[in-house]
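Colleague: One structure is given below, represented as structure tokens, and several questions about it will come after.
The values are calculated or read from the model by the stated rules, or taken from the named source; none is laboratory data. From a predicted model like this one, the values you see are computed outputs, not experimental measurements. Neighbour counts run over all protein chains shown; Cβ positions are idealised from the backbone, glycine included. Areas reflect the complete protein model, heavy atoms only, side chains present, ligands, DNA and RNA absent. Shrake-Rupley method; radii C 1.70, N 1.55, O 1.52, S 1.80 Å.
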Amino acid sequence: MRAHPVAALRASVVAAVMGESIEFPANGRTASGYLAIPGSRAGPGVLVIQEWWGLVDHIKDVCDRLAAEGFVALAPDLYDGKVTRSPDEAGKLFMALNIAKVGTDLRGAADALTGRAELTSERIGVIGFCMGGQLALYAAAEYPDRISAAVDFYGVHPNVRIDPARLRVPIQGHFGKRDNSVKEKDARALVRKVQAAGGSIEAHYYDADHAFFNDTRPTVYDKEDASLAWERTLTFLRKNLS
């Protein structure tokens, strides 16, 4: 079967900007991550934060896709090399996450990214999925001197507390109406709290499940909603990181 021409074009563009593994300092230790740079060798920076599976190929692909759109993308490895396809093991890694250590890793990644010669601005963004979505909000609240915009795809982690009053950078959220991990009513409550605290948040709700953006999970992936969310994300990042 021949590939769809649009899919083939995307594959060829992404292949041209395949990233690489890098190391960077993070509070006295060495952390690692995946870096993708656009063909132009210049662009605004974006941190990409993993789901509970680890720094898997899907997250690396998101970095490559961002690079194909002109962004310098860095995904820090928050599990120090551990990846899994097992929901049980992912749940254990998820719950064992050392939030203090993750905070230093995110700060180190932000510093490493802003130090790249390819960056066209000191304003960087952050985008995260599932666990990473909650951590994207955490990074935006903790490091407003580095993070200038955040995108949350159905963020959830019970040990990562977000103070809406500290979210002072533009936020974009993507949530599934059929999501049993981040229920729509809870997502809308978060949006109201951010707005009540004077924050700027743009929220979108889709008739989709949790992880609808993840095209490596055919049972939940929704191509139409994922494409729409991606276009909205690119527009948001370009607006706030220029």
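Colleague: Give me a count of the residues in segment 81-137 that are among the hydroxyl-bearing types (Ser, Thr, Tyr) and open to solvent by 50 Å² or more (accessible area, probe 1.4 Å).
Modeller: Summing the residues that are among the hydroxyl-bearing types (Ser, Thr, Tyr) and open to solvent by 50 Å² or more (accessible area, probe 1.4 Å) in segment 81-137 gives 1.
Okay, residues lined up against (1) of a type in the set (Gly, Ala, Ser); (2) farther than 26 Å from Met95 by Cα; (3) open to solvent by less than 20 Å² (accessible area, probe 1.4 Å); (4) at pLDDT 95 or above:
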{"residue": "Ala7", "(1), (2), (3), (4)": "yes, yes, no, no"}
{"residue": "Asn27", "(1), (2), (3), (4)": "no, no, no, no"}
{"residue": "Ala31", "(1), (2), (3), (4)": "yes, no, yes, no"}
{"residue": "Ala36", "(1), (2), (3), (4)": "yes, yes, yes, yes"}
{"residue": "Leu47", "(1), (2), (3), (4)": "no, no, yes, yes"}
{"residue": "Asp64", "(1), (2), (3), (4)": "no, yes, yes, yes"}
{"residue": "Phe71", "(1), (2), (3), (4)": "no, yes, yes, yes"}
{"residue": "Ala75", "(1), (2), (3), (4)": "yes, no, yes, yes"}
{"residue": "Tyr79", "(1), (2), (3), (4)": "no, no, yes, yes"}
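Colleague: Yes or no: Lys60 open to solvent by 40 Å² or more (accessible area, probe 1.4 Å), more than 18 Å from Asn214 (Cβ to Cβ) and modelled with pLDDT of 95 or more? Please lay out each step first, then the result.
Modeller: Working: open to solvent by 40 Å² or more (accessible area, probe 1.4 Å): yes; more than 18 Å from Asn214 (Cβ to Cβ): no; modelled with pLDDT of 95 or more: yes.
Spelling it out, it is not the case that Lys60 is open to solvent by 40 Å² or more (accessible area, probe 1.4 Å), more than 18 Å from Asn214 (Cβ to Cβ) and modelled with pLDDT of 95 or more.
Colleague: Follow-up question, since we're still on this one. Could you grab the pairs with beta carbons closer than 6 Å, sequence gap of 6+ or different chains, first residue in segment 89-113 and within 14 Å of Arg29 (Cβ to Cβ), second one at pLDDT 95 or above and part of a helix (DSSP H, G or I)?
Modeller: Leu106/Ala139
Colleague: Is it true that some residue in segment 172-181 is of a type in the set (Gly, Ala, Ser) and open to solvent by 10 Å² or more (accessible area, probe 1.4 Å)?
Modeller: yes
Colleague: Let me ask you something else. Would you point out the residue of segment 143-171, among those that are among the acidic types (Asp, Glu) and at pLDDT below 95, that is least open to solvent (accessible area, probe 1.4 Å)? First the steps, then the outcome.
Modeller: Of the residues in segment 143-171, the ones among the acidic types (Asp, Glu) are 145, 152, 163.
Those still in the list that are at pLDDT below 95 too: 145, 163.
Values: Asp145: 93, Asp163: 76 Å².
Residue satisfying both the conditions and the ranking: Asp163.
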